[in-house]
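Inspection log for the structure reproduced underneath, given as structure tokens.
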Amino acid sequence: MKVFALVDCNNFYASCERVFDPRLKNRPIVVLSNNDGCIVARSNEVKALDIPMGVPFFEQKALIRKHDIAVFSSNYQLYGDMSQRVMDSLRRFAPDMEVYSIDEAFLRLDHLQPRDLIEYCTTIRTKVLQWTGIPVSIGIGPTKVLAKVANRVAKKQTGVFDIRDQKTQDAILKTLHVRKLWGIARRWAERLHRMGIETASQLRDASPVIIRKQLSVVGERLVRELRGQSCLDLEDVQPRKNIMSSKSFGNLLTEKAPMAEALANYAARACEKLRQQNSRAQAVYVFVQTNGFRETDAQYSNGLTCTLTVPTSDTRTIIEAAKFCLNRIYRPGYRYKKTGVMLLDLIPAALEQQHLFADSDQRPGDRLMATVDRINEDHGPDTVFFGAEGIHREWKMRCGSRSPRYTTQWNELLRVS
DNA sequence: TCTGGGGTCCTAGGACCC
DNA sequence: TCTGGGGTCCTAGGACCC
């Protein structure tokens, strides 16, 4: 039988902040989305105060002040680096592993004796905490979906929970609402509700054929996984098919010039990711939009795709293409909230089809880009950048309360006095 | 005043092929 | 009045995930 373990970091972003500031222990913490817009992570103390996930920050300000909640802008450099440390630690215990998200990984532990599993997972928890400072919970199950369910229980109990036993599954699935399952969100929960299905055990016992008609093959797989029939295996990391970079501006913009700067900056970020996975893009999509929440403002949104003659990962070419698109979709007279760029039709750099009429066997840009990437990796992001990205960057997003990038920026190292 | 960003997969329908 | 039977590829839209 297959054995899946889902390792999930507890309140990951909040835990990262605590690692470097022990004063935050037991203090409620929220972490905000980009631009300090929404609450995207909460410590247990905040969850206990019934402050929901994903709500606008400004709506909660009074409550936050009242309970002396520590507020952090998101610090993705820190979280990304901490994530890598956690994943590296896990890999030492289970080479057969899928990094599922920034704070979760599935492990295959089939090789262990069933009775040793709990002990082994307890050791994993202890070691990850010791090595990285991040607390994790582990759910064990015969399928990924059940391991996810087990993880929920683990979080509420002692940190490790095994759901492989049938009676245990019955007891837990009976009290679990379908909405809490991995793969069921609002729309599907509503549809299931109309079919009279509320709990996970009702869904498990439903007809796979009927569920397939309602929720496609994705729903059928979910039913089978709940029955202990493994349909989802560990997945290898595949190169991305699209790469997107977009952000809201710190303040609404009306002029084209600062929008073009922001766009160039996002394009440069997207190209870094593109080169990291050794791909080239064959098309670029650019969009602009106003702030839909401001109902009294005139609204406009538009997007345009531009095909490239030769697949490229050269930031200069992508910036040029992005500006070309922006020139065509920008309309004066609106207050813009956001722009973004998407790199499309990505292909491996090595598999590239040469263009009949383009001089593409020489790529002087490749060496330049590699050098730019290396400098920024060694000395921190933005050590060198393209002039088109601008210098003053009035469009830059708000991040008023970001903690130091302790582990990736030399001049922000933790000081001990 | 303030409302995130970045992905994936599946299906249906249309265009087109032989 | 009758109007084939397969395919593939692409796109848009809808659902989901963190």
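Read-outs: derived from the displayed coordinates by stated rules, not from any lab. Note that the structure is predicted; figures quoted are calculated from it, not measured. All Cβ positions, glycine included, derive from the backbone under ideal geometry; neighbour counts span all protein chains shown.
Odds and ends about this structure:
- Rounded to 10°, Cα long-axis angle of helix A:315-329 versus longest principal axis of chain A: 80 degrees
- Chain A: relative contact order in percent, alpha carbon pairs under 8 Å with at least 6 residues between: 16 percent
- Taking 0.36 nm per residue of separation and subtracting the current Cα-Cα distance, fully stretching the chain between A:Trp182 and A:Asn302 would add 39.9 nm.
- Computed over all pairs of different Cα atoms, the Kirkwood value for the hydrodynamic radius of segment A:2-92 is 14.0 Å.
- Taking the longest Cα principal axis of chain A as reference, the axis of helix A:76-91 is set at about 40 degrees.
- Mean-position separation - Cα centroids, segment A:230-276 and segment A:26-58, in angstrom: 24 Å
- Each distinct pair of alpha carbons in chain A adds a 1/r term; the inverse of their mean, the Kirkwood radius, is 24.3 Å.
- Percent RCO, i.e. relative contact order, over segment A:295-407, from Cα pairs under 8 Å lying at least 6 residues apart: 25 percent
- Backbone N under 11 Å from the A:Thr408 label point (7 Å along Cα→Cβ), restricted to segment A:204-236: none
- Inter-part distance where segment A:74-95 and segment A:134-181 are each reduced to a Cα centre, Å: 23 Å
- Listed residue (A:Leu222, A:Trp188, A:Leu90) projecting farthest to the positive dipole end of chain A, Cβ model: A:Trp188
- Segment A:140-250: Cα Rg divided by the 2.2 N^0.38 Å rule of thumb: 1.22
- Under 21 Å from A:Lys156, Cα to Cα: lysines that are on another chain or at least 8 residues apart: A:Lys25, A:Lys47, A:Lys127, A:Lys144, A:Lys148, A:Lys167, A:Lys174, A:Lys180
- Listed by chain and number, the lysines whose alpha-carbon sits under 21 Å from that of A:Lys256, ignoring those within fewer than 8 places in the same chain, are A:Lys247, A:Lys323, A:Lys337, A:Lys338, A:Lys396.
- Using a Förster distance of 30 Å, the FRET efficiency for A:Thr371-A:Phe20 (Cβ separation, nearest 0.05): 0.40
- Acute angle (nearest 10 degrees) that the helix A:166-175 long axis makes with the longest principal axis of chain A, alpha-carbon atoms: 60 degrees
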